Amino acid sequence: MNPNDNFFEKSYTIARQIPYGRVTSYGAIAKYLGAARSARMVGWAMNASHNDDTVPAHRVVNKQGLLTGKHHFDGTNLMQQLLESEGVKVINNQIQDFETIFWNPSDELE
DNA sequence: CCCCTGACGGGGC
DNA sequence: TGCCCCGCCAGGG
């Protein structure tokens, strides 16, 4: 990855590699980027990615598997709908079998 | 320029 | 196990 890319771009690069039907967390991305304590910035990056439809921001949730960012999508549960359309079960903002579908960039990427 | 907030997470107690 | 506090850093008031 190009080290000259800014934090936002790096976050997008990782997010774009999340496989269909899988999810990861803000912290996992931050950690992979070498900024484990800046998970909030990843959230900020996702917020700024609203214009960029190539970034699957709905596949990024918090470490518990909660859809904490659903309020930032259009409508009330667009984020949940997007996930469910990929086969991800969501009940009361909580992703089911979270540990099973969790995709860790630190494990899958180099 | 200072203060507060936020799609988070870890560590302390 | 759970609550609370603190670091992180970009933006807005």
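Could we say that A:F73 is on the phi < 0 side of the Ramachandran plot, within 16 Å of DNA strand C (Cβ to nearest atom), over 12 Å from the mean Cα position of the chain (by Cα) and of a type in the set (F, W, Y) here?
no
Can you run down the residue pairs with Cβ atoms below 8 Å, 6 or more apart or on separate chains, where the first is in segment A:69-98 and closer than 12 Å to A:R22 by Cα and the partner is of a type in the set (G, A, S) and surrounded by 13 or more Cβ atoms within 10 Å (Cβ to Cβ)?
A:E86/A:G21; A:G87/A:G21; A:V88/A:G21; A:I95/A:G65; A:F98/A:G65
Looking only at helices (runs of 4 or more DSSP H) that lie completely in segment A:4-49, which have at least 3 residues being of a type in the set (G, A, S)?
It comes to A:26-32, A:39-48.
None of the figures in this text is laboratory data; all of them are computed from the coordinates on show. Values in this document were obtained by computation on a predicted structure and should not be read as measured data. Cβ atoms come from the backbone with ideal geometry, glycine included; neighbour counts cover every protein chain shown.
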